[in-house]
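The structure under discussion appears below in the form of structure tokens.
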Amino acid sequence: MKAEFKDIDSYIATFPKDVQVILEQVRNAIKTSAPKAEEVISYNMPAFKYHGMLVYFAGYKNHIGFYSLPSGHTAFEKELSSYKQGKGSVQFPLDRAMPLALIKKIVKFRVKENLAKAKEKAVKTK
């Protein structure tokens, strides 16, 4: 049975040292782009919440999975086109440099998107 993680530190600690470094880089890219976001474990993987879910990420044998929901991937379709993708997911291979600048752009986009949804919801409830 797979371990249930209580926080991102315990998740990252289960990986080899070289992968831990990359996971921390991804985590820091997200944190600097969304400093008010809350770190959580969701679906047993690291995630960030800010007025709803922002992004998830996960480590695998050969790649880092990055999940910015379908809207984040659609908005950056061109920049993500060289990576293997699924609906709302992208695989960043471990043997290539992590596209940290792109991750930051996607996270900032998702922050704006969640803030707009929160404002819209607030207007509807008034």
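Odds and ends about this structure:
- Check on Val26, surrounded by 12 or more Cβ atoms within 10 Å (Cβ to Cβ), closer than 30 Å to Ala122 by Cα and at pLDDT 95 or above: no
- Test: residue in segment 15-24 that is part of a helix (DSSP H, G or I), touching a residue at least 12 places away in the same chain (Cβ under 8 Å) and under 30 Å from Lys119 (Cβ atoms): no
- Residues of segment 1-23 classified as over 16 Å from Phe92 (Cβ atoms) and surrounded by fewer than 16 Cβ atoms within 10 Å (Cβ to Cβ), total: 12
- When segment 69-97 is filtered for residues that are assigned to a loop (DSSP other than H, G, I, E, B), within 25 Å of Gly52 (Cβ to Cβ) and not aromatic (Phe, Trp, Tyr), the ones remaining, listed by number, are Lys87, Gly88.
- Whenever a residue of segment 103-121 is aromatic (Phe, Trp, Tyr), its partners that are outside any helix (DSSP H, G or I), lying with C-beta atoms within less than 9 angstrom and at least six residues away or across chains, give the pairs Phe109/Ser68; Phe109/Phe76.
The values are calculated or read from the model by the stated rules, or taken from the named source; none is laboratory data. Predicted model, so just to flag it, every value in this text is computed and none were measured. In this analysis, Cβ positions are derived from the backbone assuming ideal geometry, glycine residues included, and neighbour counts consider all displayed protein chains.
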